[in-house]
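Notes follow the structure.
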Amino acid sequence: MNEHQTVSVKLGENSHQYEIKLGHDLLENSGNWARICLSEKNARIVIVSNPKIFRLYGEIVRKSLENADFEVFVFLMKDGERHKNLRSLEMLLKFNGENKLARTDAVVALGGGVVGDLAGFAAAVFLRGIAFLQIPTTLLAMIDSSVGGKTGVNSDFGKNLIGAFHQPNGVLIDVKTLKTLPKRELTAGFCEAVKHGAISNRQLFDQTADFLKKFPTKNFKKFFSDHDFFAELENLLAAQVAFKAEIVMNDEREAAARTDAKSRKILNFGHTLAHALEKATDYKYFKHGEAVGYGILFAAELSKILVILDTNELKLLNDVLQDVGKLPDTKNIEIEKVVQAFSFDKKNIGKSLQWILLKEIGKPVIFSNNDIPVSSIQKVLRKVLRKK
């Protein structure tokens, strides 16, 4: 396998442990990697992907898995967040059953967060749990959804409210797959990267901001012939993944009672509005990261209104978000529907929604909805969603 960086995820002394391998030109050896991650007893493996991603990378991965003595089956789901639903889950579970997967077999997700969430949830519930591998091909999946074991599907009553914690046996990140990433997906991923920087520390925030200045997203593909670009991209992604892994190791299942700055809840910064926007538009309008971009703007502005975030910090955050690319227009989105969608958020504890806000970059704080005036929420919503 080519030179790579490794981030270890250790979830308790006697609990699950796995490694995240990150580098370039890794897919060709994905079979050997899978064999190392899995038991020698694993004989069958289902690749879960979508047609677009499988056309680009599916045969490379399939061939490598077969060369490692796996019997390979392929399940292709429809592309898009709206297809991450119970119907798709049922189809995948049926596929696993028809191909007689056993407890010693495995599922590998090849694609973005939608593919990973569905494949992981199917692995969690099929035969009460089988092995699961992640090969993320989008920026957002690489730095966020492939790490940490959250799996699930969407429903009429909210995003990711049906799901399970099911940690992967390994994650393989080949950054060269980002060369074929559409611009909107790239923007979506960097919104998530900015989110990580905002809640982690000034070093990761500055590293992300500097990378976006040096390698503008509008010219992203042309940089793939630049050796320095690869080095900085891999270092940035490794830092992003290490931050996510640290939070997960400290609070694997997002304990409801925790409200400290190391709680896994802080990863939901920007996500309260993001999930509401996605639900209000029936999961058809936004890429998840684009909705997170608006969620970051909203949470930061709300933090300023509540006099906990300095104006200079707000401006710095907004300036960096300008560099990720253009976000979809929101002028036709009904604010009333967005407000109604807040009640379906999984961050409701008891009867109170929890908001992740900022004291400053690198210092998140958890606020109860009961401590925030409704008028402030509505004022900031109008400002953020109507500014275009």
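Summed over the stretch 264-319, residues that are free of Cβ contacts under 8 Å to residues at least 24 places away in the same chain, under 18 Å from Leu212 (Cβ atoms) and not in a helix (DSSP H, G or I) total 0. The strands (runs of 3 or more DSSP E) located wholly in the stretch 68-179 that include 1 or more residues which are modelled with pLDDT of 95 or more, buried (at least 24 other Cβ atoms within 10 Å of the Cβ) and in contact with a His (Cβ under 9 Å, 6 or more places away or on another chain) occupy 131-136, 150-155, 170-174. Going through the stretch 240-263 one residue at a time, which ones are of a type in the set (A, V, I, L, M, F, W, C) and either under 15 Å from Gly293 (Cα atoms) or not in a helix (DSSP H, G or I) (or both)? If the condition is that a residue be of a type in the set (A, V, I, L, M, F, W, C) and either under 15 Å from Gly293 (Cα atoms) or not in a helix (DSSP H, G or I) (or both), then Ala255, Ala256, Ala257, Ala261 are the ones that fit.
Let's see how each residue does on (1) polar (S, T, N, Q); (2) touching an Asp or Glu at 6+ places or on another chain (Cβ under 7 Å); (3) modelled with pLDDT of 95 or more:
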{"residue": "Ala193", "(1), (2), (3)": "no, no, yes"}
{"residue": "Ala198", "(1), (2), (3)": "no, no, yes"}
{"residue": "Asn201", "(1), (2), (3)": "yes, no, no"}
{"residue": "Phe211", "(1), (2), (3)": "no, yes, yes"}
{"residue": "Asn219", "(1), (2), (3)": "yes, no, no"}
{"residue": "Leu233", "(1), (2), (3)": "no, no, yes"}
{"residue": "Gln240", "(1), (2), (3)": "yes, no, yes"}
{"residue": "Phe243", "(1), (2), (3)": "no, no, yes"}
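Number of residues in the stretch 25-39 that are surrounded by fewer than 20 Cβ atoms within 10 Å (Cβ to Cβ) and not in a helix (DSSP H, G or I): the value is 2. Pairs only if they're at least six apart or on different chains, beta carbon under 8 angstrom, first in the stretch 61-90 and touching a residue at least 24 places away in the same chain (Cβ under 8 Å), second assigned to a loop (DSSP other than H, G, I, E, B) and of a type in the set (A, V, I, L, M); list them, first residue then second. Here the result reads Asp69/Ala43; Phe70/Ala43; Glu71/Ala43; His83/Met77; Ser88/Met77, each pair linking the stretch 61-90 to a residue that is assigned to a loop (DSSP other than H, G, I, E, B) and of a type in the set (A, V, I, L, M). Filter the stretch 286-319 for residues that are in contact with a helix residue (DSSP H, G or I) (Cβ under 6 Å, 6 or more places away or on another chain) and acidic (Asp, Glu); which is farthest from Leu358 (Cα to Cα)? Step by step, filter the stretch 286-319, then rank; the result is Glu290. Only one of these is among the aliphatic types (A, V, I, L, M), under 22 Å from Ala231 (Cβ atoms), in the same structural domain as Ala141 (by TED's automatic domain parsing) and more than 20 Å from the chain's Cα centre (by Cα): Leu38, Leu26. Name it. Answer to the check: Leu26.
So is Leu140 under 26 Å from Leu186 (Cα atoms) and of a type outside the set (D, E, K, R) or not? For Leu140, the condition - under 26 Å from Leu186 (Cα atoms) and of a type outside the set (D, E, K, R) - is met. Please determine whether any residue of the stretch 335-348 is at pLDDT 95 or above and either in a loop (DSSP other than H, G, I, E, B) or among the aromatic types (Phe, Trp, Tyr) (or both). No, the stretch 335-348 contains no residue that is at pLDDT 95 or above and either in a loop (DSSP other than H, G, I, E, B) or among the aromatic types (Phe, Trp, Tyr) (or both). Per the listing Gln378, Gln340, the residue uniquely in the same structural domain as Val194 (by TED's automatic domain parsing) and under 25 Å from the mean Cα position of the chain (by Cα) is Gln340. Is it the case that the stretch 334-341 has a residue that's in contact with a Ser or Thr (Cβ under 7 Å, 6 or more places away or on another chain) and buried (at least 18 other Cβ atoms within 10 Å of the Cβ)? No, that holds for no residue. Looking across Ala238, Ala256, one residue alone is touching a strand residue (DSSP E or B) at 6+ places or on another chain (Cβ under 6 Å) and within 20 Å of Gln203 (Cα to Cα). It is Ala238. Is it true that Asp310 is touching a strand residue (DSSP E or B) at 6+ places or on another chain (Cβ under 9 Å), surrounded by fewer than 21 Cβ atoms within 10 Å (Cβ to Cβ) and among the charged types (D, E, K, R)? Yes.
Restricting attention to the stretch 41-61, the residues that are under 24 Å from the mean Cα position of the chain (by Cα) and buried (at least 18 other Cβ atoms within 10 Å of the Cβ) total 11.
Given the criteria surrounded by fewer than 16 Cβ atoms within 10 Å (Cβ to Cβ) and either assigned to a helix (DSSP H, G or I) or not acidic (Asp, Glu) (or both), does Lys21 qualify? Spelling it out, it is not the case that Lys21 is surrounded by fewer than 16 Cβ atoms within 10 Å (Cβ to Cβ) and either assigned to a helix (DSSP H, G or I) or not acidic (Asp, Glu) (or both).
The values are calculated or read from the model by the stated rules, or taken from the named source; none is laboratory data. Only a predicted model underlies this, so the values are computations on that prediction, with no experimental measurement involved. A quick note on method: Cβ atoms are made from the backbone with ideal geometry, for glycine too, and the neighbour counts reach across all protein chains shown.
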